[in-house]
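Take a look at the structure below.
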Amino acid sequence: MSSTLLEVTRAAHEEVERFERLIVKDLQNEPASSKDRLFQSHRVRNMIDTITSTTEKLVEIYEDKDNARKDEIAALGGQTAAGTNVFSAFYDRLKEIREYHRRHPAAKVVDAGEDFEELLKEEPRIEFSGEEASGRYLDLHELYNQFINSKFGEPIEYSAYLDVFSQTDKIPRKLKSTRQYRDYLESLLEYLIYFFQRTDPLQDLDRMFSKVVTDFGEQWTNGEVLEWESEVQENGHIPTQHPVIDLDFYSTVEELMEVGAEKLKEALAALGLKTGGTLQQRAERLFLTKNTPLEQLDRKHFAKGQRRSEQNGVVAAPQEVENWKEIALLEAKIKKLCELLDETIVRTKENIEKKQALTYEEMEAEREEEDIQADTESDDDEQQIYNPLKLPMGWDGKPIPYWLYKLHGLGQEFKCEICGNHSYWGRRAFERHFKEWRHQHGMRCLGIPNTKNFNEITSIKVCFSLNFFVERISLSNFIVTNCNPQPSIKFPTLWFFHSGIGCVNLGWIC
């Protein structure tokens, strides 16, 4: 029954309308967790892709390049080669319908809405690596290995690489023309695009890149691209004049020889010409450029290793400029993606620093806890809980009793300057944090060992002062042990006062 072109057109329009209603219905539901939100975004994206493909088919039908739609409409109106016969077309169509129902007597009307409703319960399959943790973090280990093993990279830690991989302007320009650097940029851009499409599928990345390309084209034409300004002029070619020596002040080769061999060598090197030979040969070679453009010079005057190609005896620079332009465009796209993924990059760096202070067992336990927490989240969490006193939540997702809140002193706030002025509520949480990764990382950054001597101390200034006295005590013990001083010579006991812990006896100084 749906073999006719008009029926196919009607069914396509119906399918588009159903998907539009499903998208609205799905977006009206607030996801309970980040995982559900990710599933919702991918469901909507899949439905949008289906609408796009169906609409393209409809456009082809309405263009009617083979006149099939026009002929079918004419046939419905009874227009034939012999003339117009409306009743004959009507009875032929009626006969076709009766014949269809005679062959399929048990045919029923199928409600397609039920099948479409099932799409709202679908959980799309999204491929993430274990390091990416369902899109929460980036996994740049492979690109990091390429960076540290390349000529343009340097041996740094992975956490430091997360800070510099987007700062392509810090790489020397002479290393950017290599094939290795271009392959690295292409791999980095490919991964960032793939990650962005998985974590935020509803964003129109093509439109963003088209704007990036437009803005980049204008900046490149005007020579305003960062770190590439001196490589192009307004017409996009290599500059032909280098103001090392102004040849307008010299009329003969002999006058140019008075400049000296070293300055002539610098001027020739800046122009890409050979720098060898006697003083007169250098002056003659440089004097050729006064009235002859570089593009018209014979290739024998140019130094070997210059990245230039020759076509019909003329040096061709536009090909090299085009290569630089493509590399600069890749850098611009990477910077745009890094701006969009800025929160993810910061979150990834914090996760790496946190993992450095944890053992393997602690990391596995934390990962299992996150998985369990993600699985137990449901729609019941959306219900608003009455909590006027703003009490902390217990294991069951409900506020803890007020007496328990007062017993543990959870209303008391402790701030730790070493942890970046992080707040800890309750005495128990404050005492436990001295052995946790955040405080350990802060002490390691200060260069102070996290021993029992520094418990209960949260001030950076106090930490440095106490560390100074502890080192003096260690030195005095060393002197007492090795120098064998007179037992009658003793110095007063050093006391160190801290407002949070009172006085601390630091022992005798010899």
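Computed values, structure above
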quantity	calculated
Segment 15-105 - percent of accessible surface contributed by carbon and sulfur, probe 1.4 Å	51 percent
Loop trypsin sites (Lys or Arg not before Pro), segment 1-104, which have at most 16 other Cβ atoms in a 10 Å radius of their Cβ (DSSP)	65
Neighbour net charge for residue 441 - beta-carbon separation under 15 angstrom, K R +1, D E -1	0
Summed residue charge, Cβ within 15 Å of residue 68's Cβ, Lys/Arg positive, Asp/Glu negative	-3
Accessible area expressed per residue, segment 161-214, with surrounding protein chains retained (probe 1.4 Å, Å²)	52 Å²
Of 170/349; 170/300; 170/336, those spanning more than 24 Å from alpha-carbon to alpha-carbon	170/300
Selection from 159, 180, 128 lying farthest towards where the dipole of segment 109-191 points positive, charges on Cβ	180
For segment 246-261, Karplus couplings with θ = phi - 60° (6.51, -1.76, 1.60), whole Hz, Gly/Pro x	7, 6, 5, 8, 10, 9, 9, 5, 4, 5, 6, 5, 5, 5, x, 5
Shape call, segment 375-475: gyration tensor on alpha carbons, a/c limit 1.5	prolate
For segment 411-481, with +1 on Lys and Arg beta carbons and -1 on Asp and Glu, the positive-most of 467, 425, 457 along the dipole	425
Integer Hz, Karplus 6.51/-1.76/1.60 couplings in order for segment 347-356, x for Gly and Pro	5, 5, 5, 4, 5, 5, 5, 5, 5, 5
Karplus-derived HN-Hα couplings along segment 132-147 (A = 6.51, B = -1.76, C = 1.60, θ = phi - 60°), whole Hz, x at Gly and Pro	6, 6, 6, x, 7, 10, 8, 10, 10, 5, 5, 5, 5, 5, 5, 5
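The values are calculated or read from the model by the stated rules, or taken from the named source; none is laboratory data. Given the structure is predicted, the values throughout are model-derived calculations rather than measurements. Methodologically, a virtual Cβ is constructed for each residue, glycine included, from the backbone with ideal geometry; neighbour enumeration extends over all protein chains shown. Keep in mind that these areas ignore ligands, DNA and RNA; they rest on the heavy atoms of the full protein, side chains included. Shrake-Rupley method; radii C 1.70, N 1.55, O 1.52, S 1.80 Å.
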